[in-house]
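Trainee: Let me begin by handing over the structure; questions about it come next.
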Amino acid sequence: MQVEVTVNGQAKSADVEPRTLLVHFLRDELGLTGTNVGCDTSSCGACTVHIGGESVKSCTVLAVQARGEDITTIEGMASDGVLHPMQQAFMECHGLQCGYCTPGMVMAATSLLSENPSPTEADVREGLEGNLCRCTGYHNIVKAVLQASGGQS
């Protein structure tokens, strides 16, 4: 089946099997390997992208279901070589260690701030509970999100 989407502001299309997950379409067909496959069960959030501005775990969506959609991946967050404020905050607050979960965390965190621009620490922790990190203990991730929101870090 033909899938035509806009990814990171560019029109993309490919012929895929109907059972192809969006995460595999992005990685294998489009070469956007920043979106990670962590569990294939929607438990970890490493594959989080934005579809139409909403945070979505791309392992839960078939590529054909995303036809005609506007998708943003971690590769589309920086602009003209300048990191997105959330990416910058993750770097400054040491919100990553191995980095495997980081793309999904950044995508989920930016979505969280679009819904709640001034979250509390509790709001951030609740808002990111669908994304798992095995390395950091979350403290610096929460600091990064609060910094990006303009709150305390």
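Every number here is computed from the coordinates shown, using simple stated rules; none is lab data. Nothing here was measured: the structure is a model prediction, and the numbers come from that model. Virtual Cβ from ideal backbone geometry, glycine too; neighbours counted across all protein chains shown.
Trainee: Tell me which residues come under 5 Å, amide H to amide H, from HIS94 once H is placed; ignore anything under 5 positions away on its chain.
Mentor: Those qualifying (amide H under 5 Å, at least 5 residues apart or on another chain) number zero.
Trainee: Another question, if that's okay. So what is the calculated 222 nm ellipticity per residue for the chain, using -39500 (n - 2.57) for each DSSP H run with n of 4 or more, over all residues, to the nearest 500 deg cm²/dmol?
Mentor: Taking each H run of at least 4 residues, the total per residue is -7500 deg cm²/dmol.
Trainee: Could you give the length gained by full extension between ALA122 and GLN97, i.e. 0.36 nm per residue of separation minus their alpha carbon distance, to one decimal place?
Mentor: Separation in residues times 0.36 nm, less the Cα-Cα distance, equals 6.8 nm.
Trainee: A follow-up question, please. Rg/Rh for region 80-153 to two decimals, with Rh computed the Kirkwood way over all alpha-carbon pairs.
Mentor: Radius of gyration relative to Kirkwood radius: 0.92.
Trainee: Can you tell me what share of the DSSP beta bridges in region 2-73 is antiparallel? A percent to the nearest 5 is fine.
Mentor: Antiparallel: roughly 85 percent of the beta bridges in region 2-73.
Trainee: R0 = 41 Å: FRET efficiency of SER43 with ASP80, Cβ-based, nearest 0.05?
Mentor: The pair SER43/ASP80 has a calculated efficiency of 0.70.
Trainee: Along the positive direction of the dipole of region 70-153 (beta-carbon charges: Lys, Arg +1; Asp, Glu -1; about the Cα centre), which of GLY130, SER79, CYS98 reaches farthest?
Mentor: Going by the charge dipole, the pick is CYS98.
Trainee: Which loop GluC sites (Glu not before Pro) in region 96-153, with loop taken from DSSP, have no more than 14 other Cβ atoms within 10 angstrom of their Cβ?
Mentor: In loop regions of region 96-153 (DSSP not H, G, I, E or B), the sparsely surrounded GluC sites (Glu not before Pro) are GLU129.
Trainee: Which value, in debye to the nearest 20, describes the size of the charge dipole of region 9-73 about its Cα centre when Lys and Arg Cβ atoms bear +1, Asp and Glu Cβ atoms bear -1, and nothing else is charged?
Mentor: The calculated dipole for region 9-73 is roughly 80 debye.
Trainee: Would you mind checking region 1-34 for residues with the amide N under 13 Å from a putative spin-label position 7 Å along Cα→C-beta of VAL64?
Mentor: 1-4, 15-22
Trainee: Determine the dipole magnitude for the chain: charges of +1 sit on the beta-carbon of Lys and Arg, -1 on that of Asp and Glu, nothing else is charged, the reference point is the Cα centre, and the result goes in debye to the nearest 20.
Mentor: Once rounded to the nearest 20, the dipole reads 300 debye.
Trainee: For the chain, give me the percentage of DSSP beta bridges that are antiparallel, rounded to the nearest 5 percent.
Mentor: Among the beta bridges of the chain, antiparallel pairing accounts for roughly 90 percent.
Trainee: Please identify the trypsin sites (Lys or Arg not before Pro) of region 16-93 that satisfy two criteria: DSSP loop assignment and at most 10 other Cβ atoms within 10 Å. Which are they?
Mentor: Answer in residue order: ARG19.
Trainee: Computed on alpha carbon atoms, what radius of gyration and Dmax characterise the chain, expressed in Å?
Mentor: Cα-based Rg and Dmax for the chain come out at 15.1, 48 Å.
Trainee: Hey, another quick one. In Å and whole numbers, how far do the C-alpha atoms of region 2-73 stretch along each principal axis, longest first?
Mentor: For region 2-73, the Cα spread along each principal axis is 28, 25, 19 Å.
Trainee: Go ahead and run the numbers for FRET between ARG19 and ARG134, Cβ-Cβ distance against an R0 of 22 Å, rounding to 0.05.
Mentor: That pair, ARG19 with ARG134, gives E of 0.15.
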